[in-house]
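Asker: One structure, as structure tokens, below. Some questions next.
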């Protein structure tokens with residue numbers, strides 16, 4: 001010791017003993033009642049803005065026409081599937097197998113961006129920047145493709 005920047009050792013921080021025996025007390029804190037908590041949650045929920053992302057039929061058809069399954073010859077295999085397999089459930093299973101697991105970035109028709117994933121659940125449209133997701137099950141995808149082929 002002896003340097004100007006050094007301070008003598010003491011029981012607490014600083015130079016005084018005030019506050020060395022303080023304890024944090026939760027008895028003085030205001031804990032909201034269950035009813036107050038529910039009211040706060042309800043108020044916050046009512047202030048949320050509704051989702052602006054809507055997945056149109058044109059958007060779905062655009063993805064299906066533009067990308068197919070994403071594999072070479074995928075569109076042709078899908079067309080052959082519809083020509084040879086009348087059972088809708090089996091077609092949906094075959095579509096899930098054809099698409100497999102993967103995805104691609106996507107420019108939506110309204111100019112916004114996102115991602116389209118596909119896995120065992122179906123086609124998932126992920127809209128950026130808010131990551132609003134809409135999933136079409138394979139049975140729904142099968143119906144869209146069937147309608148596209150018929151039209």
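Asker: Within a 10 angstrom radius of the beta carbon, how do 126, 146 rank from fewest other beta carbons to most?
Answerer: Working: 126 19, 146 13.
By the 10 Å Cβ count, ascending, the order reads 146, 126.
Asker: Give me 106, 67, 30, 131 ranked fewest to most by other Cβ atoms within 10 Å of their Cβ, as a rough exposure proxy. Walk me through the numbers before you get to the answer.
Answerer: On the way: 106 21, 67 18, 30 6, 131 10.
Sorted ascending by nearby Cβ count, the order is 30, 131, 67, 106.
Asker: Considering every pair of different Cα atoms, what Kirkwood radius, in Å, is found for segment 86-151?
Answerer: After inverting the mean inverse Cα-Cα distance, the result is 12.6 Å.
Asker: Something else: How far, in nm, would the chain grow between residue 132 and residue 65 when pulled straight, counting 0.36 nm per residue and subtracting the alpha carbon separation?
Answerer: That pair, residue 132 and residue 65, stretches by 21.9 nm at full extension.
Asker: Counting other beta carbons within 10 Å of each Cβ, put 138, 120 in order, fewest first.
Answerer: On the way: 138 21, 120 10.
Starting with the residue having the fewest Cβ neighbours, the order is 120, 138.
Asker: Would you mind pulling out the separation of the Cα centroids of segment 116-151 and segment 63-92, in Å?
Answerer: That distance is 14 Å.
Only the coordinates and a few stated rules stand behind these numbers; no lab work does. Model, not experiment: these values are computed from the prediction. All Cβ positions, even for glycine, are placed from backbone atoms using ideal geometry, and neighbour counts span all protein chains on display.
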